[in-house]
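Inspection log for the structure reproduced underneath, given as structure tokens.
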Amino acid sequence: MRLRHIEVFNAIMLTGSVSAAARLINITQPAVSRTLQHAEIQLGFSLFQRAKGRLTPTTEALALYPHIERLFAQLDEVQRLAANLRMGSDAGELRILSVLALSYEVLPRALKRFRGKHPGIAVTVESLHSPQIMSALLLQEADVGFAFSPAVHPSLTQESVADSRMVCIAPKGMLSRALLRNGSVALHDLVNLPVVGLDSRDPVGTSLSQACRQAGVGFQQAVVTVQTYHAALAMAHHGLGVALVDGCTANSADRDKVDVLTLEPHIPVPIRALRFAGRPDSVAVRSITRFMREAIEEMS
């Protein structure tokens, strides 16, 4: 199928008639009919059954349509990328993406310094999950992203900002005095306690699951499973269970409500600055990356 065939097919699937499809893609009805007929001849089977002015998709059309939808989604991405390339890189703007855990304490501290040094640069910040950050950077919708997971795409570069680790956040009174005096807790110490679960698709959640398997530890069924570390922290604040989070999130813990302990074994949480490999670093990107590193060092 040619692209024009696909466009007409999609328009008819969306509208259900030749006339409505013609209006949708701004061509004449005869042009829609001819294009559809040519597509069916080329394919060797019918795409629609005609009845009382309506077109009903055949079984073959229904099988094709999910693939057509994905193709149009990809075309939308191409158009977005082309628009971003057309606008070019504005030296007076810095677009930052960050995982939510870094957006509460670390990024605001870094931005305060950044604004003092670059008051004329407009800054936009969006908090996303790591896979979304990578996707947006590939589409050049941002200048830099800060995430916990290393870049896995050849078109992205990564720079180490800091190496955090997972810590244990426990509601007051949930852990024994012996553990509190020790200042650290092992995974096997938490086996019989309620634990707030992390999404297994999350990079930190994946690292935690691997550490549990290696230690031969299986927690009770999670009292609740969350997608962000600050949500896990909030659950611990309200006494629902133990939260295992990154060190940056732990800095937001209310010590009147929870105890914060080192978690053993050491589960690293690498913090990386991600950038599109085909674009040279700007002064603004280098500056915010440096300030992020300094903010984390000060909070450690």
Assuming 0.36 nm per residue, please report the length gained on full extension of the stretch ASP163 to ILE68 beyond their Cα-Cα distance. 29.9 nm
Partners for LYS112 among aspartates and glutamates (Cα-Cα distance below 17 Å; same-chain residues under 8 apart left out): GLU93, GLU126, GLU294, GLU297, GLU298
If each of HIS238 and ARG213 carries a label point 7 Å out from its Cα toward its Cβ, how far apart are those two points in nm? 3.2 nm
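Longest segment of the chain with no trypsin sites (Lys or Arg not before Pro) in a DSSP loop having at most 11 other Cβ atoms within 10 Å?
Longest site-free region, per DSSP loop and neighbour criteria: 53-200.
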Pick out which of LEU14, LEU102, LEU111 has the largest mean-square fluctuation in a Gaussian network model of the chain, springs linking Cα atoms closer than 10 Å. LEU14
If each Cα of the chain is one equal point scatterer, what is log10 of I(q)/I(0) from the Debye formula at q = 0.13, 0.15 Å⁻¹? -0.91, -1.04
Hey, got the Cα dimensions of the stretch 1-135 along the principal axes, in Å, largest first? 68, 28, 24
Out of HIS38, LEU198, HIS153, whose Cα points farthest toward the positive end of the dipole of the chain (charges: +1 Lys, Arg; -1 Asp, Glu; placed on Cβ)? HIS38
Here, ARG109 and VAL223, labelled 7 Å along Cα→Cβ, have an inter-label distance in nm of 2.9 nm
What lysines sit close enough to LYS172 to cross-link, taking a C-alpha to C-alpha distance under 29 Å and skipping anything fewer than 8 places away on the same chain? LYS257
With both partners inside the chain, how many of the DSSP beta bridges are antiparallel, as a percent to the nearest 5? 60 percent
Beyond 25 Å, how much of the Cα-Cα pair distribution for the stretch 141-300 remains, as a whole percent? 35 percent
Amide N proximity, the stretch 11-27 versus ALA82 label position 7 Å along Cα-to-Cβ, cut-off under 19 Å: 11, 25-27
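Using the Cα centre of the stretch 90-170 as the reference point, and only Cβ charges (+1 on K/R, -1 on D/E), how large is the resulting charge dipole? Debye, rounded to the nearest 20. All intermediate terms of the calculation are to be shown ahead of the outcome.
Details: 7 positive and 8 negative charges, 75 e Å.
Here the size comes out at about 360 debye.
Every number in this text was worked out from the coordinates using simple rules, so none of it is lab data. Because the structure is predicted, anything quoted here is derived from the model rather than measured. So basically every Cβ, Gly included, is an ideal-geometry build from the backbone, and we count neighbours across all protein chains shown.
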